[in-house]
Each structure stands twice: as C-alpha cells, then as structure tokens.
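What follows is one structure encoded as structure tokens, with my remarks underneath.
The values are calculated or read from the model by the stated rules, or taken from the named source; none is laboratory data. Worth saying up front: this structure is predicted, and the values here are computed from it rather than measured. Cβ: placed from backbone, ideal geometry, glycine included. Neighbour counts: every protein chain shown. Surface accessibility is based on the protein's heavy atoms, side chains included, excluding ligands, DNA and RNA. Shrake-Rupley method; radii C 1.70, N 1.55, O 1.52, S 1.80 Å.
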Amino acid sequence: MEKRLILDTELLQITINRLVEELIENHTDFSDTVLIGLQPRGIYLANRIQKRLEERLGKSISIGYLDTTFYRDDFRRRETPIQANATKVPFLIEDKKVILIDDVLFTGRTVRAALDAMIAFGRPRLVELLTFIDRKYTRDLPIQPDYVGKRVNTLKTQRVLVEWMDQGAESDKIWLVTNE
Amino acid sequence: MANLSVDHLLGIKELSKDDIQLIFETTDHFKEVINRPIKKVPSLRDITIANIFFENSTRTKLSFELAEKRLSADVVNFSSSNSSVKKGETLLDTVNNILSMKVDMVVMRHASPGAAHFLSRHIKANIINAGDGTHEHPTQALLDTYSIREKLGDLTNKKVAIIGDILHSRVALSNIYALQKLGAEVMVCGPNTLLPKYIKELGVKVSLDVKETLEWCDVANILRIQLERQQLKYFPSLREYSLYYGINKKLLNSINKEIIVMHPGPINRGVEISTDVADSKQSIILNQVENGVAIRMAVLFLLAQKKQN
C-alpha cells in the first residue's frame, strides 16, 4: 500500500478559509442559507466550514447532517452491507438555499441519493454542492461541484483518505492511497 | 460493516445479541424517518413482499404493511379467511403459488408452531415469522425490548416480569429469549395452570403471587388470556382471574416504586389490566405500537440486504 499526501494541515485550513470566502461571496449574510453535511464523512468538513463561517460572520449558521443509506441505488447490489447513520436536520428546508457538503466526490451516487433524501425535508429554493476533493474522470452520473477544495487525478482503484482531528486522527490530512 | 447472521427471522432463539443490537441501532434511524414530514424512503422499491396471515391480526398486520409501504416495497396481502386454503390447498402449495408471482419476502402468521421454519426450508424467499401458534413472535419481542431500552437505557440486570397466560403465549417465549440475550432477568407469573410445566428450564424465575412479582420487577409485561387457544378450563372464571391476577391502580399504588407497564395488545380492559392502569403515565402500550413500525422496517431492511442464494 502506497500513501501520498495530497493536502497537509496548513494547506487544508487555507483551503477551508478560501471555500468559506467563496460561500460568503455568493450567499453574503447567510440569512436563508443552510449547510448540510453528508454522513458518514462529510459531517466533519461541514462542522469546520460552519465554525469558520461563524467566525467570519459573527452569527450562528444552521447545520444539518443527512444520511443517504435508505436512498442509495446500490442497496442489494453491493458486496458489503450498508449501515445507516443518524440524520439530524433540525430545520425546514422549504424555500431555503442548501449547501450540500461532502469530503470526496467520486462516482456522484451519494450526492444523487442525498438530493433524494433532502426532498423529504421540504423543497429547497436552490441546492449547491461543496466537496473538498473532486476526483476527476471517475463520475458515473452528471454531477459536478460548485465549490471545490482541490481537483485530483485518480484511478478508480485508488482511494482518497481524509483524516480529521475531530475523528480522532493526529492532525488534519488528506492522502491518496494506492493498493498494490 | 454489520450484517445479520440469519437469512430469515424465524424466532429470537436463532438471533445473537449482536443481531439484536444491530436491529435496535437500525430502528433508531427508522424511528427518526417515521417522524419526518415525509415518512417514506425508497430503500425497498424493487422488492415485493407477501403478507400471509392464516390467523387473525390487526396490529401486527397493519404494522408490517405500514413498515413495508414506508420502505417503498410492493405489498400483496393474503388472509386465509377468503382464500383457496378453504378449498383444501396445502401451505406449501399456497406459498409456492404466491412466490411464482415473483415475491422476494414473505411475512407469515400461522396457527401451527414451526410453520415459518418449515417454509424457510422449502422456499427461496426471506421469511419473517409474524407469529407461529404458541411458539414465537419475534418482532413483538424486539419491539417490547426496544421500548424498554428506550425507557431504561440498557437492559442489563433489569428485572422484567411477564404476567398472565404464559402457556399459550408466543409473545412470552420470544420475550424470554430476547430479554435473556440482552442480559435482563425474567420472572413469569400466572396461575399454575397457565404456566408451562418446564418453564424453569429456560432459566426464569416463577411466581404465583402477582404482588410479589410487581415488587420484584422494574417492568411488568402483561399478557392477554388467550381464550381462543384454550380448549380446557384453566381457571374457574375470567372474573376470578381478574381478582387474583388483574393489574389495577390500587395494586400498583400498594408497591413502593413506579414500574413500567406494558401490554402487547389487544388488551381486555377490566380482565388482565384495568382502564386506569392501561391509560396511566406508567403505561408504554402506545409507545410499543409506534416502535413496532420502526422495528419492522429495520428487520425488513436488514433481511433484504442479505444476498439470496
């Protein structure tokens, strides 16, 4: 197994700061915009973005966590069973601007399922997608992010490993893993 | 990633503690789903489920059907009262005919103990036992223990009493298995004639005195007298049963702690439980019904995930 560092801790924070500035550019005061982190791994990034946004704007920003397990299209078709995670959307999505947040965009199937899952909480006015790592040329569906941390060239057999301190890692780092 | 150790839900006896925990964790998520504005998820949209009820049922059948529909499964219903079973068809023929119409899962209630086991050996669909005679009723025991867990946190070392017609109750047997696997202590209580002869071999405490039982337990699960299964006279009269074993507010007030009162339904008010107890704060009877839908969604979801051979 070979591990290559894509983003180190310092660069990662700079990227988060840049993404937050881009969000503010489009949503100004976030009066009717909400963040939704996708379970299981997008929630750490969503928390970090929320924290930085609150620092920048000096107000609290609504955040929810969405689990897509029950909406996946590969249920019963994949080798390993899927396990559900908590969904916590403590606000109505009706007529809100929603920013979906996930750490890695790969095939796009999770995002498709998330769009489905989100509708159960109302009809949003606008939905945008923010992903930290955009894996180029690996998409199964016509889904593209609106905000990207970093675009990387990867093979389908490779894996992007995101480590967050909130999750128990030593420091925030992103790796590209190649299995021999 | 977790998966159930079984392909069918025939009884609690076949489940491991991990299986039960996985069902409970999945139920937590479905409970959140059924409290959303839109209560439906598309997980089982390519699955067809047959609900085959050879015995009467209101709650269980409705609960399964709702669970299936909230998972977007296609549902066909069958009850023996208006079917070809009356014309002499065997169980296997009936079910095979239904399966020829491409059904993936079968939920069955039958009057004969072991009917679900028999079916699972002969057909390819995932079988869920919705009650087989006086044997097991696994989803009821799962929702009962889930409801206790919701109230008390963990079941380890909790004391649960099952009071009433133990002899004819599939709910009692499934509950005993489930409670013991989760680490709870179990006591059964009822008139001698309604306690199975070898019940002690299951490792439960036995009492004939309802007051003593209530003083011992944290939770009392009160069962209905199953008159429809009783071919003999097991006690002189319902009135006498009610006097000795009926749970009423006066009796509950006479013990010096507040216990949780449960009942799997249908309740016979004034027989095994009085109205003031059934409708009291201590009673979690309606929580049990709500949790029933979420438990059945979890069981269907987890079994559908098992690859069929």
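Descriptive notes on the structure:
- Number of the exception - B:THR145 against (1) polar (S, T, N, Q); (2) in a helix (DSSP H, G or I); (3) open to solvent by 10 Å² or more (accessible area, probe 1.4 Å): (3)
- Qualifying residue in the stretch A:65-86 (condition: hydroxyl-bearing (Ser, Thr, Tyr) and either more than 13 Å from every other protein chain (Cβ to nearest Cβ) or open to solvent by 60 Å² or more (accessible area, probe 1.4 Å) (or both)): yes
- Single residue of the stretch A:87-115 satisfying the filter (surrounded by fewer than 16 Cβ atoms within 10 Å (Cβ to Cβ) and either modelled with pLDDT of 90 or more or farther than 28 Å from B:PHE24 by Cα (or both)) that is nearest to the other protein chains (Cβ to nearest Cβ): A:GLU94
- Long-range neighbours under 6 Å by Cβ, at least six apart or interchain, first residue more than 18 Å from B:GLU65 (Cβ to Cβ) within the stretch B:91-112, second of a type in the set (Asp, Glu): B:ALA111/B:GLU55
- Restricted to the stretch A:122-166, and to residues there that are touching a strand residue (DSSP E or B) at 6+ places or on another chain (Cβ under 8 Å) and of a type in the set (Phe, Trp, Tyr), the residue that is modelled with the highest pLDDT is A:TYR147.
- Among residues of the stretch B:121-141, those that are out of contact with any Asp or Glu (no Cβ under 8 Å at 6 or more places or on another chain) and of a type in the set (Gly, Ala, Ser), counted: 3
- The set of residues from the stretch B:260-273 being open to solvent by 20 Å² or more (accessible area, probe 1.4 Å) and in contact with a Gly (Cβ under 7 Å, 6 or more places away or on another chain) comprises just one member, B:VAL271.
- The listed residue being in contact with a helix residue (DSSP H, G or I) (Cβ under 8 Å, 6 or more places away or on another chain), open to solvent by 30 Å² or more (accessible area, probe 1.4 Å) and either in a helix (DSSP H, G or I) or more than 14 Å from chain A (Cβ to nearest Cβ) (or both), out of B:LEU62, B:LEU66: B:LEU66
- Residue within the stretch B:254-269 that is closer than 24 Å to B:SER147 by Cα and in a helix (DSSP H, G or I) present: no
- Residue in the stretch B:15-37 that is open to solvent by 70 Å² or more (accessible area, probe 1.4 Å), more than 14 Å from chain A (Cβ to nearest Cβ), part of a helix (DSSP H, G or I) and farther than 15 Å from B:VAL299 by Cα present: no
- Checking every residue in the stretch B:202-212 against the condition of being farther than 27 Å from B:LYS13 by Cα, in contact (Cβ under 8 Å) with a residue 12 or more places away in the chain, surrounded by 12 or more Cβ atoms within 10 Å (Cβ to Cβ) and in contact with a Ser or Thr (Cβ under 8 Å, 6 or more places away or on another chain) gives at least one match.
- Sole residue being away from chain A (no Cβ under 14 Å) and over 17 Å from B:TYR146 (Cβ atoms), chosen from B:ASP7, B:ASP74, B:ASP46: B:ASP74
- Among the conditions (1) surrounded by 12 or more Cβ atoms within 10 Å (Cβ to Cβ); (2) more than 28 Å from B:LYS197 (Cβ to Cβ); (3) out of contact with any helix residue (DSSP H, G or I) (no Cβ under 8 Å at 6 or more places or on another chain), B:TYR241 misses just one, which is (2).
- With respect to the conditions (1) part of a helix (DSSP H, G or I); (2) modelled with pLDDT of 95 or more, B:ALA130 falls short on a single one, namely (1).
- Residue within the stretch A:10-30 that is among the β-branched types (Val, Ile, Thr), touching a residue at least 40 places away in the same chain (Cβ under 8 Å) and not in a loop (DSSP other than H, G, I, E, B) present: yes
- Cβ-Cβ contacts under 6 Å between residues 6 or more apart (or on different chains), taken from a first residue in the stretch A:119-130 that is within 14 Å of chain B (Cβ to nearest Cβ) and over 14 Å from A:LEU35 (Cα atoms) to a second residue that is among the β-branched types (Val, Ile, Thr) and surrounded by fewer than 20 Cβ atoms within 10 Å (Cβ to Cβ), are listed as A:ALA120/B:ILE38.
- Condition met for B:LYS102 (open to solvent by 40 Å² or more (accessible area, probe 1.4 Å), on the phi > 0 side of the Ramachandran plot and not assigned by TED's automatic domain parsing to the domain that holds B:ALA172): yes
- Hits in the stretch A:130-143 (condition: of a type outside the set (Lys, Arg) and either open to solvent by 10 Å² or more (accessible area, probe 1.4 Å) or more than 30 Å from B:ASN35 (Cα to Cα) (or both)): A:PHE132, A:ILE133, A:ASP134, A:TYR137, A:THR138, A:ASP140, A:LEU141, A:PRO142, A:ILE143
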